[in-house]
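Notes to accompany the following structure.
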Amino acid sequence: MSDDDSPQFNADLLIRAYAQGVFPMAEPGTGEIYWYHPDPRAILPLDTFHISKTLRKRVRSNIYEIRIDTVFSKVMQECAKPRSDESDSWIDQRIIDAYSELHDMGLAHSVEAWQNDELVGGLYGVSINGLFAGESMFSRQTDASKVCLVHLVEHLKQRGYSLLDVQFQNNHIAQFGVIEIPRAQYMQRLQDALESHTCWSD
């Protein structure tokens, strides 16, 4: 498909994509945005979320102040910075702009870890009815992003979410009880989540 024929990359396109189980990633160095629909799909079941004793102790220490949605775009910018083992990021400015538009619509959110009034960790994702699609996280201090994830899961459970989509399995999140399910099963769970009346806040 040529650029002239491609739909405009914006919040409306993202909403349609997530409703079909599809999400975008920019290909570093190419200027292209590709769409993904993994099979199997990684999800984090909320009812079997696992926290290590060490992480539980860190959460209870309140070493980080947790804030919600105070610097959404900043969290994305931090997530976009290359990791030590990467030369570039799949989050480019078009991704940041489109998801920030979603945030302005109340359909994307950030959970942030602050220390001495400095942003030291965070995560962001898309929230549509009973679906929360976790997109990326970053950490500048020990376990800061993990503490954010603990708070996210607690929030989702309290609000009655049914699906926490983490897209791909990796070593960083496997410790929390992530499982992989076939695409067909994911699509059924997605449909159920989208039909619920859950919302991020009142």
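Between Ser100, Ser127, Ser89, find the one with the highest GNM mean-square fluctuation for the chain; connect C-alpha pairs within less than 10 Å.
Largest GNM mean-square fluctuation: Ser89.
Determine, from the Cβ-Cβ distance of Thr30 and Cys199 and an R0 of 41 Å, the FRET efficiency 1/(1 + (r/R0)^6), rounded to the nearest 0.05.
Efficiency for this residue pair is about 0.65.
Can you tell me which lysines have their Cα less than 17 Å from the Cα of Lys157? Leave out same-chain residues fewer than eight positions away.
By straight Cα distance, Lys157 reaches Lys146.
Charges at C-beta only: +1 for Lys and Arg, -1 for Asp and Glu. How large is the resulting dipole of region 1-156 about its Cα centre, in Debye rounded to 20?
Dipole about the Cα centre, nearest 20: 1080 debye.
Roughly how many Å is it from the Cα centre of region 26-41 to that of region 87-124, as a whole number?
Their Cα centres are 19 Å away from one another.
Would you tally the net charge around Gly21, using a Cβ to Cβ cut-off of less than 13 Å, leaving Gly21 out, and scoring K and R as +1, D and E as -1?
Net charge in that neighbourhood comes out at +1.
Give, as a single signed number, the net charge of other residues whose beta carbon lies under 15 Å from the beta carbon of Ile63, with Lys and Arg counted +1 and Asp and Glu -1.
Result for the neighbourhood of Ile63: +2.
Just Lys146, Lys57, Lys157 to compare: in a GNM of the chain, with alpha carbon springs under 10 Å, which one fluctuates most?
Lys57
Binning every alpha carbon pair distance of region 11-194 at 5 Å from zero, what are the percents per bin?
Spelled out per bin, shortest first, that is 1, 8, 17, 21, 22, 18, 9, 3, 0, 0.
So which GluC sites (Glu not before Pro) in region 65-169 pass both tests, a DSSP loop state and at most 11 other Cβ atoms within 10 Å of the Cβ?
Those that pass, being in a loop and sparsely packed, are Glu86.
Give the separation of the Cα centroids, region 157-180 to region 45-60, in Å.
One Cα centre to the other: 13 Å.
Starting with the fewest neighbours, write out Val22, Val75 ranked by other beta-carbon atoms found within 10 Å of each beta-carbon.
Ascending Cβ contact count within 10 Å gives the list Val22, Val75.
Normalised by the number of residues in region 11-194, what is the relative contact order in percent for Cα pairs under 8 Å and 6+ residues apart?
Dividing the mean separation by the residue count of region 11-194 yields 30 percent.
Using amide H atoms built in the peptide plane, which far-off residues or other-chain residues are under 5 Å from Phe23 H to H?
Tyr36
All of the numbers you see were taken from the coordinates with simple rules; none came from a lab. Keep in mind that this is a model prediction, so the values were computed, not measured. All Cβ positions, even for glycine, are placed from backbone atoms using ideal geometry, and neighbour counts span all protein chains on display.
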